[in-house]
Each structure stands twice: as C-alpha cells, then as structure tokens.
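Everything on this sheet refers to the single structure shown next.
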Amino acid sequence: MTKLAKMNTPIFWAEGHPGALDRESWSLKVHGSCKEPQIFSWQDLQEMPQVRVEARLTSVTRWSVFGAWTGVSFAEILRRVQVNESCKYVRFWSVGRIYDTSIPRSIAEKERSLIAWAFDDELLTEDYGGPIRALIPYLWGYKSAKSMIEIELMDYYVPGFWEMRGYTDSGKIEAGKCRDINDGGKIKEIADGEVKDFI
Ligand SMILES: Nc1nc2c(c(=O)[nH]1)N[C@H]1C(S)=C(S)[C@@H](COP(=O)(O)O)O[C@H]1N2
Ligand SMILES: [Mo]
C-alpha cells in the first residue's frame, strides 16, 4: 500500500474510477494557444528536469494532505510548446475526457504547480491520479485534475466539471475547519490562501 492509501487519503473520481491505466504508454497532449503543440510521452516527461516540492493538496470538502510531490513544472511545459502571449488560462483534461478544470496561466506557472507522478517518492496509483496528475497546491483540490491526458492552452476561461456544479471558478482556498490527513483526520483550522500549515 502506498503512503497516501495508508493515511486513508480520500479517493475522488466524480466521473467514475477509470480502472487500470498503463504508465509506460501514457502520453500528454499539449495544444491550443501555442506555437509548437506537442505530445509528451511518459518517457519524455521522465527525461525533463524534475521538480520535488513539499506541498498540500487541500479539498473544498475540508481535508488536506501534505507530502513531497515529484514531477515537472507547468512552466517548463509551457515554455517547450512556446505558449502564446494571449494564453490566459490552462485547461486540464482527465482520462475519459469528462472531467476538466481550468486555472489562470499565472498560477500554473508558479514554482509549485506540477505535473506530478509521485508522492513521498512513491509513484501515484490510479486511485490518486496516476500515471500523472495536476498538483496545484495554491487552489482547492478540484483544480488538481487526476490522470491527466491533455492540457489545452486557452485565451479565455471556461468553467469545468465542478465549476459548472457550483464550485468557484477561482478555486481560492477559504479559511475554516479542515481534516489533517497526516494526523489521522484530526480537525484543525486553516487560513485562507495557499495552505502551508494549520493555524
Ligand atoms: N479526474 C478527476 N480529477 C479530480 C477529481 C475527480 O473527481 N476526477 N476530484 C478532484 C478533487 S475535488 C480533489 S479534492 C482531488 C482529490 O485527489 P485524490 O482523489 O487523489 O485524493 O482530486 C481532484 N481531481
Ligand atoms: Mo475536493
């Protein structure tokens, strides 16, 4: 069992669990508002400069899990596809193309926004969005699309799966009670903005 599973980290698949996914044949299509659209294979991603960040995934349903996430930065991907000046939003698509969500390009390009494939040095399983997922610690967890197959570079905003069902477009984290997954689900308080720790 991976650490995420051992800690009983909730597993969310609003569109239904995708089942077994093949890591070696995975690819990520990056297209839209850019000059050099590209398809990055699992191998291509592994050969890119790796980033390891300590960060929290914090859900609007009030739980937060902390650990070291490994992957590549969106900033590096956007640079490689030669993103257009006019691109203002980055839209993520999960496997099956039912779940999508968009964030401002400025947040995607922040240092701890990742295309992640490991948590605490263990590869992500399908339950937790493997082979690769978005990890956007600056915003509510619904912006961190799991099992990502596509990044669409957008000049304008479109609401995604949860945003069309009432969650905010900004995904801005709001203060309040929150379960600490690393501490057995104990209820603590978080401040608003990026959650680096409990109050
Ligand atoms: N494809 C997909 N990605 C998703 C979701 C989902 O239902 N489907 N849920 C989101 C929400 S609301 C949260 S809080 C996190 C939860 O990640 P976890 O299931 O790995 O704990 O994934 C996000 N990404
Ligand atoms: Mo969530």
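Observations on the model:
- Averaged over its residues, the chain has an accessible area of 45 Å² per residue, based on protein heavy atoms and a 1.4 Å probe.
- Radius 12 Å from Cβ of residue 11, net charge of other residues (Lys, Arg +1; Asp, Glu -1): -1
- Descending by average beta-carbon neighbour count within 10 Å, the peptides 105-115, 124-134 line up as 124-134, 105-115, the highest first.
- Summed residue charge, Cβ within 9 Å of residue 38's Cβ, Lys/Arg positive, Asp/Glu negative: 0
- Of the beta bridges in the chain, as assigned by DSSP with both residues counted there, near 85 percent are antiparallel.
- Diffusion coefficient of the stretch 23-190 by Stokes-Einstein, Kirkwood radius over Cα pairs, 4 °C, 1.567 mPa s: 81 µm²/s.
- Checking the Cα-Cα distances for 88/196; 29/143; 172/196 against a 21 Å cut-off, the pairs over it are 88/196.
- Extension gain, residue 13 back to residue 121 (0.36 nm per residue minus Cα-Cα distance, nm): 36.6 nm
- In the stretch 117-191, the portion of solvent-accessible area held by carbon and sulfur atoms comes to 53 percent [1.4 Å probe, whole percent, DNA, RNA and ligands not counted].
The values are calculated or read from the model by the stated rules, or taken from the named source; none is laboratory data. Just so you know, these numbers come straight off a predicted model, no measurement behind them. Cβ sites come from the backbone with ideal geometry, for glycine too, and all protein chains shown count toward neighbours. With ligands, DNA and RNA removed, areas are computed over all heavy atoms of the protein, side chains included. Shrake-Rupley method; radii C 1.70, N 1.55, O 1.52, S 1.80 Å.
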